[in-house]
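> So that we are looking at the same thing, I have put the structure below in C-alpha cells.
The values are calculated or read from the model by the stated rules, or taken from the named source; none is laboratory data. Here the structure is a predicted model, which means the values were calculated and not measured. Every residue, glycine among them, receives a Cβ derived from its backbone with ideal geometry; neighbour counts consider all protein chains shown.
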C-alpha cells in the first residue's frame, strides 16, 4: 500500500506509475478526498479542544454545559463524515500498485523481461530427449494420472526414489539457507483474509486462491503469506533486523487462465511444494537483501549444476505489490527453453503498511521493507530429471544431493530388474 504522504507530495509521479502499470486512478479525486479528510480532522480536533476547555467550566456555568453538549453532537457528526471519507480513500489506495524501481524495463508480458546474465552450459544430447513426464513414468517416480484420479487434473504424486529425491532437495535447500542465517519455520497452510490482503494477494490475485466455504480461511499460495503475516501489528527492534525466515510448504493455486501455457507434465499445477525466503529489513537495506536472495537462488542452481539465466522482470509481468523483481529461468531440456523456477521480489513497504509491521530505532518509527524470494520448487526437480537424463532413461543425481537421498542415480524399472 502506498503512503498517502507520498501521493500528496509526488502526485504526478504516482499518476504516471499507475498508468504505466495499467491501474488508472483518479489521483486528483483522491487528493480532493484526502484534503477534505484532513480539513475535517483539523476541525474535529479544534472542537475537541474547545469541549475540553469548556468542560472545566461546566460545574459553575450551565451555559457551558449546554455548549459542551452541542459540541459533542458536532464532533460525532464530523467523526461519522471523516470515517466515511477515510473509507473511500482506503478503498482507492488499497487497489493502487506499488511504485516501480527506476530500472524496471517496459514490456507487456514476460517477453519484455531483460536478461541480466546467463550461467552454465546447456547440455547437448546425442539421443532423443525425453521430457520429465516421460522420464517420470519410465522411472516409476512420478504419477500424474493417479493424482488426477484422487484429486483432479493439476495434482500429482512423487513416489519411490522420486519422493526421496524431492525431499532431499527441499531439505538440502533449507540447510543451505539456515547456514546463511535464515530461521526455519513450519508454517500453517491456511491463512485468513486479512493475511492474504496484507501480503497483496487480495485483491490482486483473488482468482488464484482456493477459499474454504463458510470460513475466513484460504489455502496458501506460498508461505510468503504466513511468514510475512507472522509479524502483523508488530513493532520490531531495528537491532534485530534483518529477520530472515524460510519455510517448506505445499502451495495451492487455481492457475486460472494459465492452462495451455506449456502445461504438459507438472510444470504448472494446482498443488506444488516450495521453500521460500522472506526478509524483513530497514528501508535503506532492501536493495541489498533483494540481491542477497538472488545470490542464494543462484548458488543453489550452481551447486545442482543446472544452467540458468537471470531476468529483470518488466512492468507488464510484475505483480502490483512488487517494486522490482528478478526471475531465474532454468534450462529445461524437455522444453528446449529457459523456464521460470524462482521469483524474487522487493516489495518495499507495500506489505508492511497493509499489515502494520513497523520497526523502532531510537525515536524513529517506520515500516519495514519485505523481500519475498523463491528458493526452490518442484520445477527444479523437473530440471534435474530433464538435464541429467541418459540415453536409457537413467537420471544422474546431482552430487550435492547424494548424501541426503542415498543414491547417485535413478534407473528405469526394466533395467533395475535385470
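> Within the stretch 104-113, does at least one residue satisfy the condition of being at pLDDT 95 or above and out of contact with any helix residue (DSSP H, G or I) (no Cβ under 9 Å at 6 or more places or on another chain)?
Within the stretch 104-113 (the criterion being at pLDDT 95 or above and out of contact with any helix residue (DSSP H, G or I) (no Cβ under 9 Å at 6 or more places or on another chain)), the answer is no, since none of the residues qualifies.
> Suppose we filter 83, 63 for residues that are in the same structural domain as residue 15 (by TED's automatic domain parsing), exposed (fewer than 13 other Cβ atoms within 10 Å of the Cβ) and within 29 Å of residue 3 (Cβ to Cβ); which single one remains?
Of the residues listed, the single one that is in the same structural domain as residue 15 (by TED's automatic domain parsing), exposed (fewer than 13 other Cβ atoms within 10 Å of the Cβ) and within 29 Å of residue 3 (Cβ to Cβ) is 83.
> Could you identify the single residue in 124, 173 that is assigned by TED's automatic domain parsing to the domain that holds residue 316, surrounded by fewer than 17 Cβ atoms within 10 Å (Cβ to Cβ), modelled with pLDDT of 95 or more and closer than 24 Å to residue 267 by Cα?
The match here is 124.
> Could you please give the count of residues in the stretch 87-131 that are in a loop (DSSP other than H, G, I, E, B) and closer than 27 Å to residue 388 by Cα?
Adding up the residues that qualify gives 12.
> Residue by residue through the stretch 142-152, note down the ones that are within 17 Å of residue 131 (Cβ to Cβ) and surrounded by fewer than 18 Cβ atoms within 10 Å (Cβ to Cβ).
The one that is within 17 Å of residue 131 (Cβ to Cβ) and surrounded by fewer than 18 Cβ atoms within 10 Å (Cβ to Cβ): 145.
> If you scan the stretch 340-360, which residues turn out to be at positive phi and surrounded by 24 or more Cβ atoms within 10 Å (Cβ to Cβ)?
348
> Can you tell me which residues in the stretch 190-209 are surrounded by 15 or more Cβ atoms within 10 Å (Cβ to Cβ) and either part of a loop (DSSP other than H, G, I, E, B) or free of Cβ contacts under 8 Å to residues at least 24 places away in the same chain (or both)?
192, 199, 200, 201, 202, 204, 205, 209
> Hey, another quick one. Considering only the stretch 265-305, how many residues are over 29 Å from residue 255 (Cα atoms) and in contact with a helix residue (DSSP H, G or I) (Cβ under 6 Å, 6 or more places away or on another chain)?
Count: 2.
> Okay, moving on. Would you please list the contacts, defined by Cβ atoms under 8 Å and residues six or more apart or on different chains, that run from a residue in the stretch 350-370 that is farther than 16 Å from residue 243 by Cα and outside the structural domain of residue 236 (by TED's automatic domain parsing) to a residue that is modelled with pLDDT under 95 and outside any strand (DSSP E or B)?
Between residues of the stretch 350-370 that are farther than 16 Å from residue 243 by Cα and outside the structural domain of residue 236 (by TED's automatic domain parsing) and residues that are modelled with pLDDT under 95 and outside any strand (DSSP E or B), there is no close pair.
> If residue 234 passes every condition in (1) closer than 21 Å to residue 344 by Cβ; (2) modelled with pLDDT of 95 or more but one, which one does it miss?
(1)
> Exactly one condition in (1) without any contact (Cβ under 8 Å) to a residue 60 or more places away in the chain; (2) within 18 Å of residue 91 (Cβ to Cβ) is false for residue 25; which is it?
Of (1) without any contact (Cβ under 8 Å) to a residue 60 or more places away in the chain; (2) within 18 Å of residue 91 (Cβ to Cβ), only one is false for residue 25: (1).
> Moving on to the next point. Can you give me the number of residues within the stretch 86-105 that are loosely packed, with under 15 Cβ neighbours inside 10 Å and either within 23 Å of residue 369 (Cα to Cα) or assigned by TED's automatic domain parsing to the domain that holds residue 309 (or both)?
Summing the residues that are loosely packed, with under 15 Cβ neighbours inside 10 Å and either within 23 Å of residue 369 (Cα to Cα) or assigned by TED's automatic domain parsing to the domain that holds residue 309 (or both) in the stretch 86-105 gives 5.
> Answer yes or no: is there a residue in the stretch 143-152 that is part of a loop (DSSP other than H, G, I, E, B), in contact (Cβ under 8 Å) with a residue 40 or more places away in the chain and within 22 Å of residue 332 (Cβ to Cβ).
no
> Taking residue 399 and the conditions (1) surrounded by fewer than 24 Cβ atoms within 10 Å (Cβ to Cβ); (2) in contact with a strand residue (DSSP E or B) (Cβ under 7 Å, 6 or more places away or on another chain), which numbered condition does it fall short on, given that it satisfies the others?
(2)
> Considering only residues that are under 32 Å from the mean Cα position of the chain (by Cα) and loosely packed, with under 12 Cβ neighbours inside 10 Å, which ones fall in the stretch 402-414?
Listed by number, the list holds a single entry, 403.
> Among the helices (runs of 4 or more DSSP H) lying completely within the stretch 1-83, list those that include at least 1 residues that are touching a helix residue (DSSP H, G or I) at 6+ places or on another chain (Cβ under 9 Å), farther than 30 Å from residue 321 by Cα and at pLDDT 95 or above.
Those helices (runs of 4 or more DSSP H) span 27-55.
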